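The values are calculated or read from the model by the stated rules, or taken from the named source; none is laboratory data. These numbers were taken from a predicted model, which means no experiment stands behind them. Don't worry about glycine lacking a Cβ; one is built from the backbone with ideal geometry, like all the others, and counts go over all protein chains shown.
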Amino acid sequence: MLANGGGFYEARAYLEEARRLGVKILLPDVNRSGRTFEAVDGGIRIGLSRVRDLREGTLDRILAERERGPFLSLRDFVNRVPAAEREVSNLVLAGAFDAFDLPRPEMLWKVELLFGRGGSPARRREATLFGPAAELSGADPDRGFPRLPPYPKEKLVEAEFEVLGLSATAHPLEFFEDWFREKGVVPAARLGEHAGEIAAVGGWLVTTRRVRTRNGSAMRFLTLEDRTGTVEAVLLPDVYRRFGHLLRGHGPYLLRGRVENRHGAVTLTAGAVALPPGA
């Protein structure tokens, strides 16, 4: 499903379902990843095509160069693959160079030095023809370079979402668990136990659909996903008028409402929507 782009939900939803089932999610890797998702080593490896702004020609060159031998360092990659600075930076943020055992902030700094200030495609082509861009700019990122600390886990997840649209490092809701616990949020997998009651659920937006009733009023259907499963919720017109403006982006969101179980289908009819502090 992930590899062929099929299914109803976006790739992230299927990846999180795999994670819930105990499947290990592996970051992109310039020496191991193919074009798209692959089942490897008992896990799912994210393909290089998921990296934002990575051009098809650059991806072709990466795969072709790998046939000649693995990339040995960030400098080796830059010298062998005619990529733009933004492409290389996004590969760094996606974790595609993590196997070189350097923190991502340090690699980003080295990318800037390798490309020189500006990092234009023309300058990159000069670097390919006449040696590494660092030699052109007079900077050597491998000599006397300060050690930079790795990103905290939250920043890693944020960066991966920015360039991949998903995260292999952790589920983003991991950082909101204390707030959800404080609000008495019920895990999606246990929501059915509260049928007929008022309960709170919290999750990341998987999909949403806005519809109109026969009298023209707008309402909204949501699918939220937490670390245990998914929740189908509905905001009826009066609730949507009050809280619909909050539904922007993936969330996370907290919905409070009545739990219903209709022939085994558990849903939440929301009465209120809230965002965590700082969201």
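Observations on the structure shown:
- Some residue of region 54-63 being under 23 Å from Thr228 (Cβ atoms) and buried (at least 19 other Cβ atoms within 10 Å of the Cβ): no
- Exactly one residue out of Gly257, Gly203, Gly216, Gly271 is of a type outside the set (S, T, N, Q) and outside any strand (DSSP E or B): that is Gly216.
- Residues satisfying the stated conditions in region 2-15, i.e. within 14 Å of Leu166 (Cβ to Cβ), of a type in the set (A, V, I, L, M) and free of Cβ contacts under 8 Å to residues at least 60 places away in the same chain: Leu2
- Residue check, Gly43 over 16 Å from the mean Cα position of the chain (by Cα) and within 19 Å of Gly165 (Cβ to Cβ): yes
- So Val239, is it outside any strand (DSSP E or B) and of a type outside the set (Asp, Glu): yes
- Residue that is nearest to Ala188 (Cα to Cα) [pool: residues in region 261-272 that are surrounded by 14 or more Cβ atoms within 10 Å (Cβ to Cβ) and not hydrophobic (A, V, I, L, M, F, W, C)]: Thr267
- Selection within region 225-258: residues that are small (Gly, Ala, Ser) and surrounded by 16 or more Cβ atoms within 10 Å (Cβ to Cβ). The member of this set that is farthest from the chain's Cα centre (by Cα) is Gly257.
- Close Cβ contacts (under 7 Å, 6 or more residues apart or on different chains) running from residues in region 173-195 that are at positive phi to residues that are in a strand (DSSP E or B) and modelled with pLDDT of 95 or more comprise Gly184/Ala200.
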